[in-house]
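Please treat every number below as a calculation from the coordinates, not as lab data. Just so we're clear, the structure is a prediction, and the values are computed from it rather than from any experiment. Positions of Cβ are generated from backbone atoms using ideal geometry, with glycine treated the same way; all protein chains shown enter the neighbour counts.
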Amino acid sequence: MSETPVYSRITGTGSHLPEKIITNADLEKILDTDDQWIRERTGIQQRHIAAEGETTSDLAYEAAVKAMQAAGVSADELDMIVVGTTTPDLVFPSTACLLQARLGANGCTAMDVNAACSGFIYGLSVADNFIRTGSKKKVLVVGAETLTRMVDWNDRTTAVLFGDGAGAVVLEASEAPGVLSTHLHAAGEYADLLTATAGVSKGFTAEERGGLKIEMKGNEVFKVAVRTLGRIVDETLEANGMEKSDIDFLVPHQANLRIISATAKKLGMDMDQVVVTVHKHGNTSSASVPMALDEAVRSGQIKPGMTVLLEAFGGGFTWGSALIKM
Ligand code: ACO
């Protein structure tokens, strides 16, 4: 007799944004930029910024509590915590360990995954695989960032893009399909097109904040993002023997409205089947997909039984997708 396959299923979502908002008009006062340029090129109107002393694990905690409440799962039931982040509180302990202690989930596996903006999808894939092999049953997956901590506020080409926030899901073992497949890729040869410029091993300069800032060749990133996201959509559909029309909803990484529209067009989807939060959140890296998912679940846009495609693209380059039955 063959064993019943084990799937992982999303049983709860949550998100959290820091209180402070910086609008495009606020940025006009400190940079040679304007609201119209930012809206037309990116779709962004505002972004949330973590308060002084407010860390990635603080945002992660708030999002995690909401996801666990929605799932009806308590901290002592968790088998694993995976945090996708590129802006950890500290080099170590990992943000996942700090979150674990705060939740009171001590003893379970806890780790961070750094895949830049694809961090949540990478984390979801790690969790899904642990559940499918039967070694974990309840996993908290978080995407959390305080990216504005490394924004160079004098650089208009990047300062207008990024924001802070956190999103989370609880994944549980299930006999019914939930996560149908995940697909992860990376191309390290593009490292120079999108990079955080300093690190412990690479070394710091004497500049302010240790010389750490985000540098991006935006135009080239844009082209690779559109190309690779188009390819991963085909790969995901093919792996599941599905047609574009089988997807009910798209939850894309929120970097740029033009990239989102291009992916939706490729899928033949109307924009009312696409979750868009980039106008109010900016690019929150790993946090963007789980925050957008949570918003769409709580607003009732995404309903149980729907087939949903999550996708992301980020520094590395990394990119990934997850096809999910909600
Ligand atoms: N305000 C006004 N003008 C600006 C600004 C600004 N904030 N920023 C740039 N410009 C100017 C440039 O200097 C340039 O001027 P020039 O023609 O005189 O040289 C002009 O606008 C056009 O610049 P481009 O870079 O060609 O503009 P583009 O249309 O490509 O838009 C953008 C830039 C928004 C960054 C876009 O390329 C993009 O979204 N790229 C992808 C970003 C992304 O997906 N990142 C991945 C995830 S991030 C992560 O992993 C951390």
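Summary table
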{"item": "Sites matching trypsin sites (Lys or Arg not before Pro) across the range 194-295 that sit in DSSP coil, with at most 15 neighbouring C-beta atoms within 10 Å", "result": "202, 217"}
{"item": "Protection-proxy order for peptides 184-197, 95-108, each taking the mean of Cβ atoms within 10 Å per residue, highest first", "result": "95-108, 184-197"}
{"item": "The chain, relative contact order in percent, only Cα pairs under 8 angstrom and at least six apart counted", "result": "26"}
{"item": "Loop-located GluC sites (Glu not before Pro) in the range 243-326, at most 11 other Cβ atoms within 10 Å (DSSP)", "result": "243"}
{"item": "Volume per residue that the Cα convex hull of the range 206-326 spans, once the total is divided by residue count, Å³", "result": "112"}
{"item": "The range 112-160 versus the range 58-80: alpha-carbon centroid distance in Å", "result": "16"}
{"item": "Cα Rg, Dmax, the chain, angstrom units", "result": "18.7, 69"}
{"item": "Translational D in µm²/s for the range 77-140 (Stokes-Einstein at 37 °C, 0.692 mPa s, Kirkwood Rh from C-alpha pairs)", "result": "279"}
{"item": "Kirkwood estimate for the range 172-275, i.e. one over the average of 1/r between Cα atoms, Å", "result": "16.6"}
{"item": "Over 23 Å [Cα-Cα, the range 7-176], rounded percent", "result": "41"}
